[in-house]
Amino acid sequence: MPPSVISGNPTHPPVAEREPQVTTLHGETRQDDYAWLRRKDDPHVRAYLEAENAWADACMQGSEALQSGLYDEMLARIQQTDLSVPYRRGEWLYYTRTEEGRQYAFHCRRHRTMDAPEQVLLDVNALAEGHTFMALGSYEVSPDGSLLAYSTDGNGYRQYQLHVKNLVTGELQPCTAERVTSVAWSADGRTLFYVQEDAVSKRSHRLYRHELGGADHVLVYEEPDERFDVYVGATRSGEWIVQTRASHTTSEVCLLDASTPEGEWKRVAPRVQDREYYVDHRGGEFYIRANDKGRNFRIVTAPVATPGEEHWTELVPHREAVMLTGLDCFAGHLVWTERERALPHIVVMDLATRTVRRVEFDEAAYAVGPGANEEFSSTTFRYGYQSFVTPPSVYDLDLDSLNSELRKRTEVLGGWNADRYVLERIEAVAPDGVRVPVTVLAHRDTPRDGSAPCLLYAYGSYGMASNVLFSTARFSLVDRGMVYALAHIRGGGDLGKAWHDAGRMGSKMNTFTDFIACAEDLCARRWTSPDRLVAQGGSAGGLLMGAVTNLRPDLFHAILSQVPFVDCINTMLDESLPLTVSEFEEWGNPKVAEQYAWLRSYSPYDNLAARDYPAILVKTSLNDSQVGYWEPAKYVARLRALKTDTRPLLFKCNMGAGHGGASGRYDALREIAFDYAWILAQVGLAEAKPRA
């Protein structure tokens with residue numbers, strides 16, 4: 001091990017390679033001493049990243065047995081050979097299955113019944129051969145069941161290549177395309193529509209039409225506005241191809257009769273800034289979820305012949321306290337999902353009687369949402385349900401009786417028992433008086449006297465709700481006496497669009513002060529104390545980690561920051577990067593003085609200072625397309641130069657993956673074991689044994 005790594009000061013390139021980048025913006029001179037780390041192809045940069053990895057591994061020496069034990073412990077809870085609940089599409093039953101020892105799933109089907117011979121449509125393990133990473137993107141079977149359009153990412157950059165497989169012969173078709181983000185079949189299965197993203201900005205901006213067997217890939221539409229992406233899909237009825245053009249705040253929809261792939265596209269309603277609407281179909285009407293009368297959406301219908309907004313008829317009104325999050329049309333029923341008081345719900349309308357009923361759930365906090373529902377004429381609705389103490393469960397809901405039938409609950413092995421744990425929903429009070437929900441998981445024997453360590457997680461951006469999801473791995477912390485808490489902070493979508501609005505753009509600081517309030521509340525309730533509190537967040541949640549660490553370094557004992565968006569101003573100044581322009585509506589544009597001030601007030605990289613910081617583990621991946629690896633690399637480099645404490649600062653870069661880390665299920669589990677070993681060491685539980 002080079003002495004420079006052992007000392008905690010990883011080897012840097014020569015000084016000549018490290019000239020600072022100096023810019024002036026709105027009268028402020030900005031010096032970036034670590035801008036050189038963005039040169040991905042520079043061997044000095046790769047050497048730097050490898051040196052950081054070596055330093056992190058050196059710091060973790062002595063934890064190998066703990067990591068191995070955690071991995072074995074977590075693996076022992078998993079049913080490694082397993083089968084998903086089959087779903088019907090046409091004459092086939094589709095499902096996935098896993099085999100012990102295999103990293104990836106098999107995608108399969110059987111004709112009519114599960115007693116029929118199995119047909120393996122895709123073996124992702126075979127697709128992964130020769131790659132350090134493999135992810136499946138699109139997966140769409142043609143209406144007659146004879147063809148499969150799918151896309152694959154072989155390095156983690158989320159740049160998917162399109163393939164078409166003949167499911168009768170097993171052969172791949174000559175139809176291929178690069179950088180494909182969504183696909184849809186025409187009604188006869190002879191024409192494929194697909195959306196391609198720009199090679200540099202990764203914006204999904206071009207819609208193509210391709211007739212199988214032909215040579216032409218016809219450009220149907222190209223979106224000129226850099227804030228907008230294009231998506232293509234088909235209605236469950238199979239009668240319409242849906243082209244959605246959407247930014248973070250605005251959308252419009254164009255439709256095409258699926259039986260006439262070369263026909264004319266019909267726009268439902270024109271694009272209006274800050275108005276979103278999304279379309280489904282049944283019979284002679286389109287069913288539209290729109291936020292034209294309120295931020296939380298309403299449901300309207302419109303005739304197929306005249307779908308413009310002047311012909312919209314309200315079916316479900318807008319409600320200030322309830323967010324309509326999704327809509328599914330069936331032959332006889334309408335099913336939608338909504339959120340109220342940070343809890344998701346399923347609602348069913350009988351379209352013959354217009355009777356509306358909500359499905360009730362008993363737990364204090366949970367996650368629920370649609371499953372695979374491919375059949376338009378179905379009178380059952382498949383949904384998934386889980387919570388911190390209820391493993392992922394698949395139900396079929398009878399849309400007439402509203403009775404739910406449990407089809408499968410993921411088995412947790414190793415003697416796991418839900419009765420050992422408590423699940424609570426509490427509320428913290430933010431500085432402006434807003435009440436912020438927090439979901440808490442703990443072992444029943446964990447004391448509430450401030451002595452227990454706690455892992456507090458949050459996200460809080462893009463209007464995405466923080467769902468209360470089950471994790472078999474998490475119990476390796478909880479069984480050792482850690483409390484796990486999930487903060488439903490502003491900027492997310494837990495309490496609707498207003499909750500998102502209150503944590504973006506000029507109001508973004510609320511996201512960070514909400515998290516701090518949740519941490520203080522957990523301490524006040526004696527769930528934990530600052531010297532026992534660990535915070536975790538990833539991506540935009542990594543921005544959260546950086547911001548709260550700068551604001552209140554005294555409140556957290558340790559920070560786990562994953563693929564963190566921490567170099568906000570430099571990234572948002574570079575419009576050639578993926579996501580930048582589209583996200584001006586989330587963060588602001590630093591070229592605008594007022595919006596620069598917003599970003600300058602919290603950007604983690606720009607607000608580092610000479611002070612003591614908590615112990616910090618920062619993780620990233622070399623092929624991350626959403627948050628460039630250089631952001632956390634620069635952040636760690638500057639933090640090393642400024643921090644005045646001797647607490648550990650570790651940086652790990654996965655050299656063969658993307659934004660989500662390792663893709664194989666066993667590899668991903670080993671990454672979690674590393675993280676958990678580090679967390680347990682920080683809170684003094686490295687030698688602790690899990691409770692029986």
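The values are calculated or read from the model by the stated rules, or taken from the named source; none is laboratory data. Keep in mind that this is a model prediction, so the values were computed, not measured. As a convention, Cβ positions derive from the backbone with ideal geometry for all residues, glycine included, and neighbour counts pool all protein chains shown.
Couple of notes before you dig in:
- Residues of region 248-259 that are surrounded by 21 or more Cβ atoms within 10 Å (Cβ to Cβ) and part of a loop (DSSP other than H, G, I, E, B): ALA258 alone.
- Taken as a whole, the condition of being closer than 17 Å to ALA65 by Cβ and either free of Cβ contacts under 8 Å to residues at least 40 places away in the same chain or of a type outside the set (Gly, Ala, Ser) (or both) applies to PRO690.
- Scan of region 481-527 for residues that are assigned to a helix (DSSP H, G or I) and small (Gly, Ala, Ser), ordered by number: ALA498, GLY506, SER507, ALA517, ALA519, ALA524
- Some residue of region 596-612 being within 21 Å of the chain's Cα centre (by Cα) and either among the hydrophobic types (A, V, I, L, M, F, W, C) or farther than 25 Å from PRO453 by Cα (or both): no
- Criterion violated by LEU680 - all others in (1) over 23 Å from the mean Cα position of the chain (by Cα); (2) surrounded by fewer than 21 Cβ atoms within 10 Å (Cβ to Cβ) satisfied: (2)
- If you go through region 625-655 and pick out every residue that is part of a loop (DSSP other than H, G, I, E, B) and over 28 Å from the mean Cα position of the chain (by Cα), you end up with 6.
- Looking only at region 210-233, and only at residues there that are touching a Ser or Thr at 6+ places or on another chain (Cβ under 6 Å) and in a strand (DSSP E or B), the one that is farthest from GLU583 (Cα to Cα): GLU211
- Verdict on VAL581 being β-branched (Val, Ile, Thr), in contact (Cβ under 8 Å) with a residue 12 or more places away in the chain, surrounded by fewer than 23 Cβ atoms within 10 Å (Cβ to Cβ) and out of contact with any helix residue (DSSP H, G or I) (no Cβ under 8 Å at 6 or more places or on another chain): yes
- Apart from one condition, THR549 fits all of (1) of a type outside the set (Asp, Glu); (2) in contact (Cβ under 8 Å) with a residue 40 or more places away in the chain; (3) not in a helix (DSSP H, G or I); the exception is (3).
- Among the residues making up region 268-291, those that are surrounded by fewer than 18 Cβ atoms within 10 Å (Cβ to Cβ), of a type outside the set (S, T, N, Q) and out of contact with any Gly (no Cβ under 9 Å at 6 or more places or on another chain) are ARG271, VAL272, ASP274, ARG275, GLY283, GLY284.
- LEU413 being closer than 20 Å to ARG444 by Cα, under 26 Å from the mean Cα position of the chain (by Cα) and hydrophobic (A, V, I, L, M, F, W, C): no
- Residue match in region 213-232 (condition: touching a Gly at 6+ places or on another chain (Cβ under 9 Å) and either buried (at least 16 other Cβ atoms within 10 Å of the Cβ) or at pLDDT 95 or above (or both)): no
- Scanning region 48-103 for residues that are hydroxyl-bearing (Ser, Thr, Tyr) and either surrounded by 15 or more Cβ atoms within 10 Å (Cβ to Cβ) or in a loop (DSSP other than H, G, I, E, B) (or both) yields TYR48, SER63, TYR71, THR81, SER84, TYR87, TYR94, TYR95, THR96, THR98.
- Qualifying residue in region 314-336 (condition: of a type in the set (Asp, Glu), surrounded by 13 or more Cβ atoms within 10 Å (Cβ to Cβ) and assigned by TED's automatic domain parsing to the domain that holds GLU405): yes
- When restricted to residues that are free of Cβ contacts under 8 Å to residues at least 40 places away in the same chain and within 27 Å of the chain's Cα centre (by Cα), region 429-458 contains 1.
- ILE569 being assigned to a helix (DSSP H, G or I), touching an Asp or Glu at 6+ places or on another chain (Cβ under 7 Å) and hydrophobic (A, V, I, L, M, F, W, C): yes
- When ARG271 is tested against the conditions (1) touching a Cys at 6+ places or on another chain (Cβ under 8 Å); (2) modelled with pLDDT of 95 or more, the lone failure is (1).
- Selection of region 157-195 for residues being farther than 12 Å from ASP144 by Cα and among the charged types (D, E, K, R) yields ARG158, LYS165, GLU171, GLU178, ARG179.
- Region 238-274, subset among the hydroxyl-bearing types (Ser, Thr, Tyr) and in contact (Cβ under 8 Å) with a residue 40 or more places away in the chain, residue nearest to ALA305 (Cα to Cα): SER259
- Search result, residues across region 654-676 that are over 14 Å from VAL618 (Cα atoms), touching a Leu at 6+ places or on another chain (Cβ under 9 Å) and of a type in the set (A, V, I, L, M): MET655, ALA657, ALA662, LEU669, ALA673
- Of residues in region 376-412 being surrounded by fewer than 16 Cβ atoms within 10 Å (Cβ to Cβ) and acidic (Asp, Glu), the one farthest from ALA473 (Cα to Cα): ASP400
Conditions tested, residue by residue: (1) surrounded by fewer than 22 Cβ atoms within 10 Å (Cβ to Cβ); (2) closer than 17 Å to GLU50 by Cα; (3) touching a Cys at 6+ places or on another chain (Cβ under 7 Å).
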residue	(1), (2), (3)
ASP606	yes, no, no
ASP612	yes, no, no
VAL618	no, yes, no
SER625	yes, no, no
GLY628	no, yes, no
PRO648	yes, no, yes
TYR666	yes, no, no
LEU669	yes, no, no
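- Filter pass, GLY415 being within 20 Å of SER471 (Cα to Cα) and in a loop (DSSP other than H, G, I, E, B): yes
- Residues that are farther than 24 Å from ARG179 by Cβ and without any contact (Cβ under 8 Å) to a residue 12 or more places away in the chain within region 117-138 comprise PRO117, GLU118, listed in sequence order.
- Pick from region 116-151, criterion closer than 30 Å to ILE241 by Cα and in a loop (DSSP other than H, G, I, E, B), ranking: nearest to the chain's Cα centre (by Cα): MET134
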